[in-house]
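Reviewing the structure listed below.
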Amino acid sequence: MPRIEAATVAEHRALRERQVVEAAADLLTSAGAAAVTPAAVAARTGLARSSVYQYADSAAALVGVAMEELFERTDRAIASALAVTGDDPGRRLDAIVRTVLEGASTGHGPHQAVDVAQLPADHQVRLRELHALVLAALAEVISELWLAGAGPPGGDRSIEDSVTDARTMATLVWGVINGAVPLLEQGQPVGRVVGLVSDFVHGGLTVR
């Protein structure tokens with residue numbers, strides 16, 4: 001029987017699963033989706049390939065768990081940044097922009113070149129859920145910004161319309177943030193890119 005590396009079998013399994021997830025995420029960020037294979041994860045963790053298959057039954061599933069891990073890291077990083085930023089909605093919006101782009105600058109954000117449609121269905125569902133958490137955080141801060149007097153663009157809105165607009169704007173803001181990632185890949189300083197994106201986003205959210 002294999003040696004148990006934790007106090008219980010359940011804890012041992014959780015430890016091994018964490019090793020597989022972190023190895024898959026590291027491979028994805030360092031070498032791309034094509035490098036995330038059961039053999040590569042097994043080599044990185046020191047596990048047998050058959051053990052890796054216990055936690056992800058294909059290379060596509062490993063890419064799925066890796067992307068989930070990157071989104072979860074981003075969600076946690078955003079929550080942590082907002083917790084220490086204070087109540088000013090403008091600064092809270094800047095904190096989200098900065099957190100996501102700083103993660104992307106180190107290759108640890110959910111911005112990898114992955115065709116999500118090719119992932120197993122359960123991973124597609126989970127990634128949509130995690131993406132929704134990021135958008136919800138953005139939409140909440142956008143609503144706070146508008147309540148503080150900055151918007152929404154286009155004049156008065158009902159409460160219901162403002163909620164819908166905030167969600168729509170959150171999707172657009174996320175698109176702007178993602179669109180700035182190639183600037184980081186081209187070597188532009190992260191501070192400059194964060195500043196440009198923050199200025200652009202604040203301009204787009206202001207009453208006109």
- request: State whether one or more residues within the range 143-150 are among the hydrophobic types (A, V, I, L, M, F, W, C) and either within 19 Å of R98 (Cβ to Cβ) or modelled with pLDDT of 90 or more (or both).
  value: yes
message: Given the criteria of a type in the set (S, T, N, Q), touching a residue at least 12 places away in the same chain (Cβ under 8 Å) and under 30 Å from S198 (Cβ atoms), does T74 qualify?
response: yes
statement: Restricting attention to the range 184-195, the residues that are modelled with pLDDT of 95 or more, surrounded by 14 or more Cβ atoms within 10 Å (Cβ to Cβ) and over 19 Å from V141 (Cβ atoms) number exactly 3
Contacts under 8 angstrom Cβ, first residue in the range 182-193 being over 13 Å from V100 (Cβ atoms), partner assigned to a helix (DSSP H, G or I), 6 or more apart: L183/V193; L183/L196
- request: Might you check whether a residue that is in contact (Cβ under 8 Å) with a residue 60 or more places away in the chain and part of a loop (DSSP other than H, G, I, E, B) occurs anywhere in the range 123-133?
  value: no
field: Among the residues listed as R167, R128, the single one being surrounded by 14 or more Cβ atoms within 10 Å (Cβ to Cβ), among the charged types (D, E, K, R) and either modelled with pLDDT of 90 or more or under 17 Å from the mean Cα position of the chain (by Cα) (or both)
entry: R167
- request: Filter the range 77-99 for residues that are without any contact (Cβ under 8 Å) to a residue 40 or more places away in the chain, assigned to a helix (DSSP H, G or I) and among the hydrophobic types (A, V, I, L, M, F, W, C) and give the result.
  value: A77, A81, A83, A95
message: Here is a check on your reading of the model: is V181 under 21 Å from the mean Cα position of the chain (by Cα), at pLDDT 85 or above and within 17 Å of G90 (Cα to Cα)?
response: no
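Listed here are the residues, each with its yes/no results for (1) surrounded by fewer than 20 Cβ atoms within 10 Å (Cβ to Cβ); (2) over 25 Å from E129 (Cβ atoms).
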| position | (1), (2) |
| --- | --- |
| E22 | yes, no |
| L28 | no, no |
| V36 | no, no |
| R49 | yes, yes |
| V52 | no, no |
| A56 | no, no |
- request: Kindly indicate whether A61 is under 30 Å from H12 (Cβ atoms), among the aliphatic types (A, V, I, L, M) and not in a helix (DSSP H, G or I).
  value: no
query: So S51 fits all but one of (1) within 21 Å of A166 (Cα to Cα); (2) part of a helix (DSSP H, G or I); (3) among the hydroxyl-bearing types (S, T, Y); what number is the exception?
result: (1)
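The values are calculated or read from the model by the stated rules, or taken from the named source; none is laboratory data. The model shown is predicted, which means the values in this text are computed figures rather than measured ones. Note that each Cβ is placed from the backbone with ideal geometry, even for glycine, and that neighbours are counted across all protein chains shown.
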